Every structure is written in C-alpha cells, then in structure tokens.
1. Once the cut-off is 21 Å, how many percent of the Cα-Cα pairs in the stretch 108-179 end up in the long-distance tail?
2. With a cut-off of 8 Å between alpha carbons and a minimum separation of six or more residues, what is the relative contact order of the stretch 108-179 in percent?
3. Return 58, 125 ranked ascending by Cβ neighbour count within 10 Å, so the fewest neighbours appear first.
4. I need two numbers for the stretch 26-152: Rg to one decimal and Dmax as a whole number, Cα atoms only, in Å.
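Every number in this text was worked out from the coordinates using simple rules, so none of it is lab data. Values in this document were obtained by computation on a predicted structure and should not be read as measured data. Please note: Cβ atoms are built from the backbone with ideal geometry, for glycine as well, and neighbour counts cover all protein chains shown.
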C-alpha cells in the first residue's frame, strides 16, 4: 500500500512539474482571472484571451502584453507588474490558465483614430462600419464621421458614415477602420 502511495505521489509531482512547464503558444487561447480589482471591472478583465500570431494578448488598460513562449506563472507576474507600474491596480493577483484547445477562431477588426475606445473589436458575421465604430465608443469630440477610412487587404476606401448607405457597409475579419480628426469646418 505504501508503494502505491509513493508511486501516486511521484506521478502527481511529474504532472505538477509538467503543468508548470507549459508554455503559451501563439494562436491559442488563455484564460486570465484577476483578483484584487474593483468588482465593476471584474467582468472586463476576467476573460479568455486569444494570443495573436505575433504572440501578444491585449489586456484592458495596459494594452499589448507578450504572452507566447512564457509560462502561465511568468505571464501572470508580468501582468501583475504592468498593472502595478501603471498604478491601475495596487494589489492584483493574476492567474493564467493555458488552454490546450486548438487555434482560437476569434476574428477581429481594428478601430482607430478619434474614437473613445480604439483597438481590436470582435468581428461577428454581419458587422457593419457604423456598428464597429460604435463598439469603439463612437467618434470622440474631435472625430469626424464624414471621411472614415476602411483599409482591407492593403486597399483604402473612404466613407461618409453620416449617410445611411455607408453605415451599412459590411466588414470582413482583419479590416481596419480609421476615424479621422475633424477639419476646420467641423467635418
């Protein structure tokens, strides 16, 4: 009986060691849980994050964080220190769970320029130009919807999103939308 316990203990040690040695890979998903943050922000930061092909995840308030090639513990420490250094959270406790799932099939569009919340936004089938801008909080007080740029596969098109037809322009994964600054005439 004692031999079985020793064997089981040895196997559990090996499993624990292997789990600690897992490295996060680009194109996979990781789950992040953060304690020590205001309750109203829990749903924003506690999430499953896709690791980009470049090896980064995009965290609320601190932006891109290198994840690929790191262990879950190393990434957790990196995220904690970034939040502390930015003085966003004073005492966060981060847990990172590497997923063994296949490639994450989450597509995004990028909305930039003069919007309230620039960055990558989740793409869903039927997403249009207007809804993507609204997902970024809409144009800010300096942003113009009269000359919105849509970049797709290296090609640039410009739209007046004040017009109904332009609002309904359907987007594709990896599109980039740029809301320009208003000109002297407020357009």
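1. Values: 260 of 2556 pairs.
Pairs farther apart than 21 Å: 10 percent.
2. Working: 153 pairs, mean separation 30.1, N = 72.
Result for the stretch 108-179 is 42 percent.
3. On the way: 58 14, 125 9.
Going from least to most buried by this count: 125, 58.
4. 16.0, 47
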